Each structure stands twice: as C-alpha cells, then as structure tokens.
Amino acid sequence: MNMAAVGGLIRNANGNWAAGFCANIGISSVTNAKLWGLFYGIDLAWKLGVRNLLVEVDSKCIIDLLANTSNSPNSSLAVIQSIRRLLNRDRHVCINHIYREANFAADFLANFAMRQPLGFQFLHNPPSGAVNCLINDIYGNAFPRFVSV
C-alpha cells in the first residue's frame, strides 16, 4: 500500500465543470482508493441535487466489485456497501467504464490531491492547470498509452 488520493468532477449536460472534489486519503490500496473516489463523487452529486447521473470510471475492476461482493477484499466491503446505499436512493445512476486516457481531468484532480492535506475538499472551480485536461476530455482528445507486449 502507498499514499493515495482521489479526484473527480461533475459536469453539466454540455460537459463543462459544475463542481469537483479531491481527497488525500492517506495509505490505501489502489482498489480502495478508486472505491472511495466513486463514493465521494456519487455522494457529492446527491448533495448537489443531481438525480440523473452518468458515472464514468476508469477501472473495470471497480465496476465488477460493485456487481459481485463475493470476490471483494474484506478491506473494501464497507465502502462497497456505502456506494450501494447511495445507488439505491431515488434517482437514476448509470456507471460506465472508460479508459484512463479519456479521464484526464479526474486524474489531474487525484494528482492535485496528493499535494493537499489529508481529507476531502470540495472544489467550486477547477484548480489551476485543470482547464487543459477538461478541454481534452470534452473533445475526446486522447494520448496513446504504450504497453509492452
């Protein structure tokens, strides 16, 4: 386990920034960090009154864990149950997998959170430097990831 941070944003129907968050969560596994990021994002959307929500997650593993807790690590069960409670509220939520290359803004916010004190931060406006990431995400600009085979 290493130091971990998460970040996410809520966009309006045009893809523009509506709100965001980042959280330095301290020592955590990658899986737990991604689950906490999902929890914070869905919870924030609820608190902001968003009742029709499309969530984009860059981890297929997280989507699979939400679908089937029998394979969940014990350290993740509490946050998975919390996410499920949020999903069962009176609203429509769709969770889709996207590739990391299409998720620049959330990745930027997670990296930004690593330089922040421990805890959750609500972001009314994008931090300096995030605007280019937002533009790349809106227009679908992707940069290839090289993988050795």
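The values are calculated or read from the model by the stated rules, or taken from the named source; none is laboratory data. Just so we're clear, the structure is a prediction, and the values are computed from it rather than from any experiment. Methodologically, a virtual Cβ is constructed for each residue, glycine included, from the backbone with ideal geometry; neighbour enumeration extends over all protein chains shown. Surface accessibility is based on the protein's heavy atoms, side chains included, excluding ligands, DNA and RNA. Shrake-Rupley method; radii C 1.70, N 1.55, O 1.52, S 1.80 Å.
Couple of notes before you dig in:
- Of the residues contained in region 30-38, one or more are found to be modelled with pLDDT under 95, under 18 Å from PHE112 (Cα atoms) and surrounded by fewer than 17 Cβ atoms within 10 Å (Cβ to Cβ).
- Selection of region 39-66 for residues being basic (Lys, Arg) and either open to solvent by less than 40 Å² (accessible area, probe 1.4 Å) or without any contact (Cβ under 8 Å) to a residue 12 or more places away in the chain (or both) yields only LYS47.
- Check on ASN132, modelled with pLDDT of 90 or more, open to solvent by 80 Å² or more (accessible area, probe 1.4 Å) and at negative phi: no
- Within region 90-102, the residues that satisfy the criterion of being among the charged types (D, E, K, R) and surrounded by 11 or more Cβ atoms within 10 Å (Cβ to Cβ) are ARG91, ARG100, GLU101.
- Flag if PRO117 is of a type outside the set (Val, Ile, Thr), surrounded by fewer than 16 Cβ atoms within 10 Å (Cβ to Cβ) and in contact with a Ser or Thr (Cβ under 8 Å, 6 or more places away or on another chain): no
- Extreme residue, nearest to the chain's Cα centre (by Cα), among residues of region 67-89 that are open to solvent by less than 60 Å² (accessible area, probe 1.4 Å) and either modelled with pLDDT under 90 or acidic (Asp, Glu) (or both): SER76
- Among residues of region 110-127, those that are among the small types (Gly, Ala, Ser) and part of a strand (DSSP E or B), counted: 1
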